[in-house]
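Peer 1: Sharing a structure below in structure tokens format, with a few things to ask.
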Amino acid sequence: MPDTDRPSGAPHGSSILVTGATGNLGREVVERLHARGPRVRRLVRHQTGPLPGVDSVVGDITDHTTMRKALVGIDTVFLIWPLLDSAPARSLIEELTATAPRVIYLSSSAIDDEAARQSDPIVQVHADMEELLHSAGLRPVVLRSDTLASNALGWAGQLKAGGVVAGPDIARTAVVDERDVADAAVAVLCGSLDELAHAPYVLTGPEPLSRADQVACLGAALSRRLRFEAVPADLARSRMLADGRPERLVEALIAASVGRPESKRVTDHLTRLTGRPAGTFARWAIDHAAAFS
Ligand SMILES: NC(=O)c1ccc[n+]([C@@H]2O[C@H](COP(=O)([O-])OP(=O)(O)OC[C@H]3O[C@@H](n4cnc5c(N)ncnc54)[C@H](OP(=O)(O)O)[C@@H]3O)[C@@H](O)[C@H]2O)c1
């Protein structure tokens, strides 16, 4: 994409920046946008193999210069904020304010709008990011996603080695297929603002599931007897630290395990955006079986 400003009269959604573009969700969004036709730019941390037809800017989302470069000629941003703190978003917010693109922010369905503080740091950072974007006058369209099914890919190592997934448990929630969230995001990114009166959208899967339920679905998909073993918080913390996971991430995961309440909420927002029902985790497990064997 040439580094020029959006031509006057060009529709919004004709040049789209995707952050977190190499992640489980971002990858799916980039792929779909590319197929749909708008010009797509990825923010990537490291130079990756070229993706034909997709422009890339290399750098960190917290870096002023990187974000200034990434936003040139962009009219719409699909904003994934992958950090556990909103404070480093200051330079990003400044750059967004200067260029004023349409912002679609990927948030969390676990936000409690009535609470002064959220249940855990991961949810709090999303609440803080929404607030920062709103108070900067960016009028973001907010997509609040439930737990992504792709988080289960983190169990692949354990399931290749044996039949048990051991880790901290977390309350049941309506786990959503990241491919569905990507479809919903693309519907918003390529749609017009008039269709967005119902935002924030809360994107859920079709039914609340525990981790044990998800492992059972994987067992069915793989035709193997698998089980989930809940590990107490202190033991889970020490194991994750011993595995070399950053302390802040470990504490956030433990806090989510201990403090996040069960959610039975299932919405039709995804269907309203995509025109079809949300997929099941059982389907996701069948489609991703190869990753676990
Ligand atoms: N997972 C969930 O259940 C869930 C639920 C609700 C909302 N969300 C939101 O959705 C986002 C995406 O989830 P995901 O599962 O796709 O995450 P993911 O697979 O971990 O991907 C994170 C992406 O962010 C990039 N990234 C990390 N730090 C960065 C930095 N400092 N500067 C620029 N890019 C950076 C990563 O780049 P590298 O490839 O270089 O690491 C990667 O592309 C989450 O970050 C969260 O905000 C997630």
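Peer 1: Which of the helices (runs of 4 or more DSSP H) contained wholly in the range 53-161 include at least 1 residues that are within 9 Å of the ligand (Cβ to nearest atom)?
Peer 2: Because the criterion is at least 1 residues that are within 9 Å of the ligand (Cβ to nearest atom), the helices (runs of 4 or more DSSP H) in the range 53-161 that meet it are 64-71, 121-135.
Peer 1: Another question, then. Taking the condition surrounded by fewer than 22 Cβ atoms within 10 Å (Cβ to Cβ), without any contact (Cβ under 8 Å) to a residue 60 or more places away in the chain and not basic (Lys, Arg), does residue 72 pass?
Peer 2: Criteria not met by residue 72.
Peer 1: Identify, from the list 282, 236, 187, the residue that is more than 22 Å from the chain's Cα centre (by Cα), among the small types (Gly, Ala, Ser) and open to solvent by less than 50 Å² (accessible area, probe 1.4 Å).
Peer 2: Result: 236 is the single residue among 282, 236, 187 that is more than 22 Å from the chain's Cα centre (by Cα), among the small types (Gly, Ala, Ser) and open to solvent by less than 50 Å² (accessible area, probe 1.4 Å).
Peer 1: Taking the range 218-231, which residues are surrounded by fewer than 16 Cβ atoms within 10 Å (Cβ to Cβ), touching a residue at least 60 places away in the same chain (Cβ under 8 Å) and not aliphatic (A, V, I, L, M)?
Peer 2: Once the filter is applied, which keeps residues that are surrounded by fewer than 16 Cβ atoms within 10 Å (Cβ to Cβ), touching a residue at least 60 places away in the same chain (Cβ under 8 Å) and not aliphatic (A, V, I, L, M), the range 218-231 yields 224, 225, 227, 229.
Peer 1: Given the condition basic (Lys, Arg) and over 15 Å from residue 149 (Cβ atoms), answer yes or no: does some residue in the range 242-258 qualify?
Peer 2: There is at least one residue in the range 242-258 that is basic (Lys, Arg) and over 15 Å from residue 149 (Cβ atoms).
Peer 1: So residue 170 clears everything in (1) open to solvent by 30 Å² or more (accessible area, probe 1.4 Å); (2) modelled with pLDDT of 95 or more; (3) more than 15 Å from the ligand (Cβ to nearest atom) except one condition, right? Which one?
Peer 2: That leaves (3) as the condition not met.
Peer 1: For the range 11-51, which positions are among the small types (Gly, Ala, Ser), out of contact with any Gly (no Cβ under 7 Å at 6 or more places or on another chain) and either within 14 Å of the ligand (Cβ to nearest atom) or without any contact (Cβ under 8 Å) to a residue 24 or more places away in the chain (or both)?
Peer 2: Hits for the range 11-51 are 21, 23, 35, 37, 49.
Peer 1: Moving on. When residue 67 is evaluated against the numbered criteria (1) open to solvent by 10 Å² or more (accessible area, probe 1.4 Å); (2) modelled with pLDDT of 95 or more, which criterion, by number, is the only one it fails?
Peer 2: (1)
Peer 1: Looking at the structure I just gave you, is residue 192 of a type in the set (Ser, Thr, Tyr), on the phi < 0 side of the Ramachandran plot and at pLDDT below 95?
Peer 2: Here the answer is yes, as residue 192 does meet what is asked.
Peer 1: Specify the residue that is farthest from residue 273 (Cα to Cα); the eligible residues are those in the range 95-150 that are within 14 Å of the chain's Cα centre (by Cα) and among the polar types (S, T, N, Q).
Peer 2: Checking each candidate, the answer is 150.
Peer 1: Having 1 or more residues that are of a type in the set (Val, Ile, Thr) is the bar; report the helices (runs of 4 or more DSSP H) wholly within the range 191-286 that clear it.
Peer 2: Helices (runs of 4 or more DSSP H) meeting the threshold: 211-222, 247-259, 269-274.
Peer 1: Here's a follow-up. Given (1) on the phi < 0 side of the Ramachandran plot; (2) in contact (Cβ under 8 Å) with a residue 60 or more places away in the chain; (3) among the small types (Gly, Ala, Ser), identify the lone condition not met by residue 108.
Peer 2: (2)
Peer 1: Sticking with this one: Might you let me know whether the range 195-217 holds any residue that is at pLDDT below 95, open to solvent by 50 Å² or more (accessible area, probe 1.4 Å) and of a type in the set (Gly, Ala, Ser)?
Peer 2: Within the range 195-217 (the criterion being at pLDDT below 95, open to solvent by 50 Å² or more (accessible area, probe 1.4 Å) and of a type in the set (Gly, Ala, Ser)), the answer is yes, since at least one residue qualifies.
The values are calculated or read from the model by the stated rules, or taken from the named source; none is laboratory data. Only a predicted model underlies this, so the values are computations on that prediction, with no experimental measurement involved. Here Cβ is always computed from backbone atoms with ideal geometry, including for glycine, and neighbour counts include all displayed protein chains. Just the protein is used for accessible areas: all its heavy atoms, side chains included, with ligands, DNA and RNA removed. Shrake-Rupley method; radii C 1.70, N 1.55, O 1.52, S 1.80 Å.
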